[in-house]
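Single-structure report; data block below.
The values are calculated or read from the model by the stated rules, or taken from the named source; none is laboratory data. Keep in mind the model is a prediction, meaning the values are calculated, not measured. With ligands, DNA and RNA removed, areas are computed over all heavy atoms of the protein, side chains included. Shrake-Rupley method; radii C 1.70, N 1.55, O 1.52, S 1.80 Å.
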Amino acid sequence: MTNLTQAHPLFADQTALQLQFSGFERQILQLAQVIGFTLADLMIDHAAIRVNSAAQGRIWLEALLKCGRILSDNIVNGRPIYLLLLDQPLLLAGQAVSIVELPMPKKKHYPQEGWEHIEIVFPFLAKESPNEWLERVIRQFSLNKNRLLEVKVDEPKVKGERLCNISVAIRLINNTQNNACIKLHPHHIIDVVQSERQ
């Protein structure tokens, strides 16, 4: 099988970018192991980049537009967030990931720019409320018992969005060697974007 990431146009003549992505993948796999995830059993719907300046955001946007197109550029929690659909997916933790999220910076300063998190689809059960979904996520992965983890619940606000987009963000506590984050949300990002347009 061809390694999609090794051959990806995003990394053409960009060894540093390729190495950064490989390091991010290792961090995600380490975090998943601490959480107790088997990533092969879960769907990664997108990966996200973090930047601390508008100039760096424009550099990433230009690079991503050379190998994809804008799927959405909505205002989320008061700042523009681009979702880009790649012509060729990245290979991440054994999965083909075709969507990259690129938020423009706000006041928060990230300790490390570049690849920062993945989002996983963890669907609602039939007739399950957002609170019931959240309780199930916490219970299934014992998130309230694992002292190595920091857990944050959020519900991003997007104009026109019709689907509940609650998310659970999980990262390692006090680990300067691993700043990666894994987020769970109930709907695929494409379904969320389509709901904004209805």
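Numerical summary
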{"item": "Relative contact order (%) - the stretch 10-197, alpha-carbon pairs under 8 angstrom, separation at least six", "result": "25"}
{"item": "Convex hull projection area averaged over all views, the chain, Cα basis, nm²", "result": "11.5"}
{"item": "Span-like helix ranges in the chain, DSSP H, alpha carbon extent 27 angstrom or more, Kyte mean at least 1.6", "result": "none"}
{"item": "Solvent-accessible area of V100 with every protein chain in place, 1.4 Å probe, in Å² to the nearest 10", "result": "0"}
{"item": "Residue pairs, from the table K106/K145; K107/K183; K106/K183; K107/K145; K127/K183, whose Cα atoms sit over 28 Å apart", "result": "K106/K145; K107/K145"}
{"item": "Residue order for K107, K145 - accessible surface, 1.4 angstrom probe, largest first", "result": "K107, K145"}
{"item": "Average accessible area per residue (Å²) across the stretch 10-197 - probe 1.4 Å, nucleic acids and ligands excluded", "result": "52"}
{"item": "Structure-based [θ]222 nm, the chain - -39500 (n - 2.57) summed over DSSP H runs of at least 4, per residue, nearest 500", "result": "-8500 deg cm²/dmol"}
{"item": "Per-residue HN-Hα couplings for the stretch 103-115 [Karplus 6.51, -1.76, 1.60; θ = phi - 60°; Hz; x = Gly/Pro]", "result": "x, 6, x, 10, 5, 5, 9, 8, x, 9, 7, x, 4"}
{"item": "Accessible carbon and sulfur surface of the chain relative to its total accessible area, %, 1.4 Å", "result": "50"}
